[in-house]
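Working notes for the structure below.
The values are calculated or read from the model by the stated rules, or taken from the named source; none is laboratory data. This one's a predicted model, so the numbers in the text were calculated from it and none came from an experiment. So basically every Cβ, Gly included, is an ideal-geometry build from the backbone, and we count neighbours across all protein chains shown. Surface areas here come from the heavy atoms of the whole protein model, side chains and all, with no ligands, DNA or RNA. Shrake-Rupley method; radii C 1.70, N 1.55, O 1.52, S 1.80 Å.
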Amino acid sequence: MPAEIQQPLAVLFTLPDGVIHHGVLHDLPNQQLAADLAVGLVAATHPHGPIRTRSVARQYMTTMRRMARDLDAWGVTGGLADLTPATLVQYWLTCDYHRERRIRVVLNAFQETAGGLDPGICRHLAGRRINKVRKSRPNRPYSDGEWRRLEASCTDQIAAARRAHRQALEAPSGAPIRPSTASPSTTSPGSGSTRAPRRREGRLSGSA
């Protein structure tokens, strides 16, 4: 069996390649809602649904546990059959694309298995998603010149650290150790300027 409900309330996922994952639900405040979510999680597990790896099972468990706690904090009582379309849509507005997607999968699986969802929720499940995937803008890549300056600066820093380590090993016990400096010039990857040598911590300036 791909997944089963256990007591105290939990879902035991048996996934492809013999992978086992145990998701706990008995510690959630609204046990009626938690039990309904367990039904949906079982119905959404491979081969019937998209939950087919341990990482995906963990993501779904995290989303369902958060949903149960959030709705309880809102004062929502009862199970999924008592959930109103307005409450669900209001909650989706607090979610990102992936949380909404996982909730839709579990609610659809619950409806197909047990039924009882509000007709308005069923219409929302059949409709368009509220949240969209946000497109990211990649950082501008370093130019060849910036890469060369970055490599040279890193090489200088490593060489200085090795010299300091060698001095520490060679110095007599109790003798003061003078800090070793980097090469006479250090340039940032984003500019052609030359600065006086000094020890720096943190990220190099001029990065994308």
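Results, tabulated for the structure shown:
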| read-out | value |
| --- | --- |
| Residue in the range 88-103 that is among the β-branched types (Val, Ile, Thr), open to solvent by 10 Å² or more (accessible area, probe 1.4 Å), in a loop (DSSP other than H, G, I, E, B) and closer than 23 Å to residue 129 by Cβ present | yes |
| Enumeration of residues in the range 1-18 that are modelled with pLDDT under 95 and exposed (fewer than 13 other Cβ atoms within 10 Å of the Cβ) | 1, 16, 17, 18 |
| Qualifying residue in the range 127-146 (condition: under 29 Å from residue 43 (Cα atoms), surrounded by 13 or more Cβ atoms within 10 Å (Cβ to Cβ), in contact (Cβ under 8 Å) with a residue 12 or more places away in the chain and over 24 Å from the mean Cα position of the chain (by Cα)) | no |
| Test: residue in the range 108-124 that is in a loop (DSSP other than H, G, I, E, B), open to solvent by less than 60 Å² (accessible area, probe 1.4 Å) and β-branched (Val, Ile, Thr) | no |
| Selection from the range 60-86 of residues that are of a type in the set (S, T, N, Q) and closer than 17 Å to residue 108 by Cα | 63, 84 |
| Conditions (1) farther than 19 Å from residue 129 by Cβ; (2) open to solvent by 50 Å² or more (accessible area, probe 1.4 Å); (3) out of contact with any strand residue (DSSP E or B) (no Cβ under 9 Å at 6 or more places or on another chain); (4) in a helix (DSSP H, G or I); number of the one not met by residue 75 | (4) |
| Of all residues making up the range 125-154, the number that are aliphatic (A, V, I, L, M) and either in contact with a His (Cβ under 8 Å, 6 or more places away or on another chain) or assigned to a loop (DSSP other than H, G, I, E, B) (or both) | 2 |
